[in-house]
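Here's the structure we're looking at; comments come further down.
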Amino acid sequence: MRIGVYPGTFDPITRGHSDIVMRSLRVFDRLIVAIAPNPRKEPLLPLADRVELAKIVTKDMPNVEVESFDGLLVNYVRRRGAQGLIRGIRAVSDFEHEFQMALLNRKLDEQLETVFLMPSEEYSYLTSSIVKELAMLKGPLEEFVHPEVADRLRHRYRDLHR
Ligand code: COA
């Protein structure tokens, strides 16, 4: 069985991310969505919320598991017995950063391959930051994220501005 890990901050998970999850299942038998605390990015949503939302979004997708992880990604991948990492490439601008990460991860673990997948064109401009900005400015969200994610973001901004 081939197991893939799709790592990220997922602050929050978007329709672009779920598109990549579905595409990954064509390549791997099982997929683990691995959510990093990533305090460096100062996430808006607590880690537990990011995990819960990713579970909600993927609940009808067979063979998908969601989990948080701490520390080095390569160690987590090894612990989980996975063979590959999945990353989404949306535009040429993603490439340099992704290339660097993939090479570093391979340096840390020679056995680990990174598989790059392209999301559907309709999500090629989408980022979690754009979604958060829309939520902050009370813009429409449902086209970009699952309704439960949209609700959670609206509540979060409401709480922050109270
Ligand atoms: N659809 C929509 N958005 C997408 C996307 C897609 N298909 N693919 C990527 N993105 C967006 C993300 O939403 C995010 O947007 P944001 O910057 O507005 O938040 C951005 O692209 C990429 O962010 P993220 O997915 O969080 O990745 P990252 O580049 O911050 O890396 C980890 C996150 C978890 C993979 C990395 O920090 C890590 O490996 N941490 C563990 C520690 C470690 O091992 N470090 C060494 C690794 S080299």
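What follows draws every value from the coordinates through simple rules; no lab data is involved. Values in this document were obtained by computation on a predicted structure and should not be read as measured data. All Cβ positions, glycine included, derive from the backbone under ideal geometry; neighbour counts span all protein chains shown.
What is the extension gain from Met118 to Leu25, computed as 0.36 nm multiplied by their sequence separation minus the C-alpha to C-alpha distance, in nm to one decimal?
Values: separation 93, 0.36 × 93 = 33.48 nm, distance 1.35 nm.
Computed gain between Met118 and Leu25 is 32.1 nm.
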Original post:
Mean 1/r over all different Cα pairs, inverted: what Kirkwood radius does the range 3-72 give, in Å?
Top reply: 12.1
Original post:
Counting only residues 5 or more places away or on other chains, whose amide H sits under 5 Å from the amide H of Ser68 once H atoms are built in the peptide plane?
Top reply: Ile35
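How large is the helix-only mean residue ellipticity at 222 nm for the chain, computed as the sum of -39500 (n - 2.57) over DSSP H runs with n ≥ 4, divided by its residue count, in deg cm²/dmol to the nearest 500? Walk me through the numbers before you get to the answer.
Working: 6 runs with 68 residues, N = 162.
Only helices count here, giving -13000 deg cm²/dmol.
For the chain, what relative contact order do you get, as a whole percent, if you take Cα pairs closer than 8 Å and at least 6 residues apart? Let's see the in-between values first.
On the way: 231 pairs, mean separation 44.6, N = 162.
Once normalised by length, the contact order is 28 percent.
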Subject >> Relative frequency of Cα-Cα separations exceeding 22 Å in the chain, percent >> reply: 41
Original post:
Treating the beta-carbon of each Lys and Arg as +1 and of each Asp and Glu as -1, no other charges, what is the dipole magnitude of the chain about its Cα centre, to the nearest 20 debye?
Top reply: 280
Subject >> Cα-based equivalent ellipsoid of the range 101-146: semi-axis lengths in Å, sorted from largest, via gyration tensor >> reply: 33, 13, 7
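How much of the DSSP bridge set in the chain is antiparallel, in percent, rounded to the nearest 5?
The antiparallel proportion sits near 0 percent.
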**OP:** Compare the Cα positions of Val64, Tyr76, Val5 along the charge dipole of the chain (+1 at Cβ of Lys, Arg; -1 at Cβ of Asp, Glu; about the Cα centre) and return the one farthest towards the positive end.
**Re:** Tyr76
**OP:** Rounded to the nearest Å, what's the spacing between the alpha carbon centres of the range 144-161 and the range 1-66? Just the number, please.
**Re:** 18
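For a test of the definition: using alpha carbon positions, the gyration tensor, and the 1.5 limit on a/c, classify the range 37-104 as rounded, prolate or oblate. Mind dumping the intermediate values first?
Numbers: a/c = 1.41, a/b = 1.27, b/c = 1.11.
Verdict is rounded for the range 37-104.
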